[in-house]
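Note sheet for the following structure.
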Amino acid sequence: MTRQLSKTPAPAQPPHFDVHRIREDFPILHNKVHNKTLVYLDNAATTQKPNLVINALRRYYGSENANIHRGVYLLSQLATDLYEQARRKVQRFINAAESREIIFTRGTTEAINLVASSYGRTNFKPGDQIILTGMEHLSNIVPWQIICQQTGAVLRVAPFDDNGELILDEYERLFTPRTRFVTAVHLSKSLGTINPVKRMIAIAHAHNVPVFIDGAQSIAHGPIDVQDIDADFYAFSGHKLYGPTGIGALYGKARFLEEMPPYQGGGDMIASVTFEKTEYNELPYKFEAGTPNIAGGIGLGAAIDYLTSVGLPNIVAHESRLLEYAHSRLSGIPGLRVVGTARQKGGVISFVLKGIHPHDIGTILDGDGIAVRTGHHCCQPVMDRFQIPATARASFALYNTIPEIDALADGILKVIGFLGS
Amino acid sequence: MSDLRELYQEMILDHCKRPRNFHNLPDANRAADGFNRLCGDKLRVFVKLDDGIIKDIAFEGDGCCISKASSSMMTEALKGKTLDEAHKLFQQFHEVLTGPPDETPDAPELGKLAVFAGVREFPVRVKCATLAWHTLEAALKDEQKPVTTE
Ligand SMILES: Cc1ncc(COP(=O)(O)O)c(C=O)c1O
């Protein structure tokens with residue numbers, strides 16, 4: 001019977017990493033849902049927050065709150081310093097050359113809209129081509145479609161194979177003298193595929209084409225060095241990095257950002273204003289109109305401190321161990337098909353069960369306190385490619401454990417027992 | 001949460017695994033598509049309407065257990081009913097699904113359809129249970145646009 005699958009040996013825990021100590025840092029993990037201990041496996045949607053982040057937010061609002069970049073009084077200075085410190089933390093975390101290349105946004109979505117709108121509207125002409133991959137999140141499709149409608153540019157889609165791996169040759173073949181831009185996801189939310197972004201960028205640069213990398217899923221799951229991969233733009237969301245919602249960052253090479261017009265108008269983004277003429281502020285403030293999410297920025301800085309203290313290599317080792325174990329346990333379940341089996345994969349496992357709809361899987365697992373995502377994960381084109389309406393998806397974070405994956409596998413067996421014909 | 005058996009009642013499981021009237025209806029004179037954006041469910045409801053009476057009704061598509069069972073049981077409940085009766089039944093069905101969780105619904109007219117009362121404990125699943133009915137309403141109005149559960 002399938003039960004014996006639980007005998008799959010669990011690979012050894014990496015040294016210097018104690019998942020039980022990590023779990024102590026996340027208060028929500030000790031909550032009950034439906035009277036069961038929460039098994040949170042929807043980390044691709046958003047991650048839980050450690051005390052370090054929660055306390056940073058509390059401290060900010062409790063004793064540091066003031067508007068930034070304007071007051072001469074001490075509190076405003078303090079808030080400004082903390083916010084700008086957070087910017088430098090982001091800079092170091094992704095190894096950007098300068099902190100003015102880091103623009104705070106609401107998240108990945110706003111960063112993409114910023115680039116599409118500011119860079120795209122200035123540079124795209126009718127008939128120009130923009131390359132993206134077939135596994136993009138909707139937020140890396142729609143903003144480009146909008147700019148295409150406004151400028152007459154067109155999208156070209158690089159396909160992926162049955163394992164969910166980008167077909168690099170086909171990607172390369174898409175380049176023409178009319179190619180103006182490439183935008184690509186680093187780690188796919190629905191398939192888990194890690195794209196070979198360094199090679200993709202090198203190919204684009206050989207054609208003199210700049211590249212945007214959507215790092216929403218990759219940022220918390222492996223070291224990022226934007227200079228090493230030579231990305232022209234890179235963006236991520238704080239909330240997928242154990243930080244607050246409503247804050248994220250856009251990295252852009254200074255030489256692009258300097259040429260680009262502002263995205264929004266307002267306070268902070270101007271050097272001087274008369275009714276005749278406005279001088280825009282310098283980077284990064286040119287792109288940060290209005291009072292920003294100050295607490296969010298500080299919280300994001302705390303999240304980066306947290307990840308740095310745990311150590312990204314430890315996180316990578318732990319999550320690959322979880323993924324490997326999940327693959328071996330789940331793929332042995334009769335009638336279960338894993339969707340997305342790329343050789344380079346992050347901690348995401350999407351699956352379908354024969355004859356059972358993902359929605360029912362989600363509800364039954366929820367009854368056992370297990371939170372997985374069901375649906376198309378904002379990646380309808382990916383679902384269409386595999387001719388499935390939806391999948392169930394478990395995605396892992398640094399606090400997940402081997403017993404939680406056992407709970408998932410047992411839960412799936414329960415679903416089959418309940419709904420299987 | 002209440003027991004899963006409240007949601008997945010035996011009768012619901014039976015209709016989900018062996019849906020009735022689950023086919024195309026070549027002589028239908030009304031049809032509409034329904035689409036649940038949240039989960040990607042798609043279905044098509046066919047009606048043969050004759051003199052204000054639902055002479056025949058069937059459906060096709062793919063969906064979760066709740067939406068399949070609801071479609072199946074809807075077709076069974078509505079065969080031979082007048083348009084008026086169908087509307088009333090939908091109203092009652094809807095009330096049972098969205099009523100306060102701790103009140104037992106009292107709707108004898110619903111008959112077997114009352115098994116869906118358990119869905120009220122699972123608010124995210126209400127749309128699954130009503131998709132077929134919304135689609136039917138569109139078919140009866142003969143709207144060309146696919147309905148969604150939004
Ligand atoms: C690959 C990818 N890109 C972009 C986004 C959008 O991120 P946000 O909603 O935080 O702006 C997501 C969120 O799920 C994502 O997974």
*Do we have A:GLN91 as in a helix (DSSP H, G or I), at pLDDT 95 or above and either away from the ligand (no atom under 16 Å from the Cβ) or away from chain B (no Cβ under 14 Å) (or both) here?*
yes
*Going by the structure shown, is B:GLY40 of a type outside the set (Lys, Arg) and within 14 Å of chain A (Cβ to nearest Cβ)?*
yes
_Checking the conditions here, which among A:ALA390, A:ALA317 is within 22 Å of the chain's Cα centre (by Cα) and crowded, with 19+ Cβ neighbours inside 10 Å?_
A:ALA390
_Answer from A:TYR60, A:TYR83, A:TYR73 - the residue that is at pLDDT below 95, among the aromatic types (Phe, Trp, Tyr), farther than 30 Å from A:HIS207 by Cα and more than 15 Å from the ligand (Cβ to nearest atom)_ = A:TYR73
*Is one or more of the residues making up region B:12-22 of a type in the set (Asp, Glu) and within 14 Å of chain A (Cβ to nearest Cβ)?*
yes
*Can you find a residue in region A:236-244 that is under 22 Å from A:PRO292 (Cα atoms) and polar (S, T, N, Q)?*
yes
*Counting only residues that are of a type outside the set (D, E, K, R), part of a helix (DSSP H, G or I) and under 16 Å from A:HIS239 (Cα atoms), how many does region A:94-111 have?*
3
*Residues of region A:240-257 satisfying the condition of being open to solvent by 70 Å² or more (accessible area, probe 1.4 Å) and of a type in the set (Val, Ile, Thr)*: A:THR245
*Among residues belonging to region A:113-156 that are of a type in the set (D, E, K, R) and under 15 Å from A:VAL209 (Cβ atoms), point out the one that is farthest from the ligand (Cβ to nearest atom).*
A:LYS125
*Selection from region A:382-394 of residues that are touching a residue at least 60 places away in the same chain (Cβ under 8 Å), touching a helix residue (DSSP H, G or I) at 6+ places or on another chain (Cβ under 9 Å) and more than 12 Å from the ligand (Cβ to nearest atom)*: A:THR391, A:ALA394
*Going through region A:27-57 one residue at a time, which ones are in a loop (DSSP other than H, G, I, E, B), within 16 Å of the ligand (Cβ to nearest atom) and of a type outside the set (Val, Ile, Thr)?*
A:LEU41, A:ASN43, A:ALA44, A:ALA45, A:GLN48, A:LYS49
*Examine region A:386-409 for a residue that is touching a His at 6+ places or on another chain (Cβ under 8 Å), basic (Lys, Arg) and either more than 12 Å from chain B (Cβ to nearest Cβ) or closer than 30 Å to A:GLU24 by Cα (or both), and state whether such a residue exists.*
yes
*In region A:52-64, what residues are open to solvent by less than 60 Å² (accessible area, probe 1.4 Å) and under 22 Å from A:HIS30 (Cβ atoms)?*
A:VAL53, A:ILE54, A:ALA56, A:LEU57
*Filter region A:65-108 for residues that are open to solvent by 30 Å² or more (accessible area, probe 1.4 Å), over 24 Å from the mean Cα position of the chain (by Cα) and of a type in the set (S, T, N, Q) and give the result.*
A:ASN65, A:ASN67, A:GLN77
*Is there a residue in region A:337-347 that is of a type outside the set (S, T, N, Q) and either assigned to a helix (DSSP H, G or I) or within 12 Å of another protein chain (Cβ to nearest Cβ) (or both)?*
no
*asked:* With the structure loaded, tell me whether A:PRO381 is within 13 Å of another protein chain (Cβ to nearest Cβ), farther than 21 Å from A:THR46 by Cβ and open to solvent by 30 Å² or more (accessible area, probe 1.4 Å) or whether it fails that test.
replied: yes
*Of the numbered conditions (1) away from the ligand (no atom under 16 Å from the Cβ); (2) surrounded by fewer than 24 Cβ atoms within 10 Å (Cβ to Cβ); (3) not in a helix (DSSP H, G or I), A:THR363 satisfies every one except a single condition; which is it?*
(3)
*Number of the exception - B:ASP84 against (1) within 14 Å of another protein chain (Cβ to nearest Cβ); (2) touching a Gly at 6+ places or on another chain (Cβ under 9 Å); (3) more than 28 Å from A:PRO381 (Cα to Cα); (4) of a type in the set (Asp, Glu)*: (1)
*Given the conditions (1) in contact with a Ser or Thr (Cβ under 6 Å, 6 or more places away or on another chain); (2) modelled with pLDDT of 95 or more, and given that B:ASP41 satisfies all but one, which numbered condition is not satisfied?*
(2)
_Exactly one of these conditions fails for A:GLU136: (1) open to solvent by less than 10 Å² (accessible area, probe 1.4 Å); (2) part of a helix (DSSP H, G or I). Give me its number._
(2)
*Qualifying positions in region B:1-11 - more than 8 Å from chain A (Cβ to nearest Cβ) and not acidic (Asp, Glu)*: B:SER2, B:ARG5, B:GLN9, B:MET11
*Is region A:258-280 home to any residue that is outside any loop (DSSP other than H, G, I, E, B), more than 16 Å from the ligand (Cβ to nearest atom) and buried (at least 22 other Cβ atoms within 10 Å of the Cβ)?*
no
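The values are calculated or read from the model by the stated rules, or taken from the named source; none is laboratory data. Note that this is a predicted model, so its numbers are computed, not measured. Cβ atoms come from the backbone with ideal geometry, glycine included; neighbour counts cover every protein chain shown. Ligands, DNA and RNA are stripped out before the accessible areas are found, and what is left, the full protein with its side chains, is counted by its heavy atoms. Shrake-Rupley method; radii C 1.70, N 1.55, O 1.52, S 1.80 Å.
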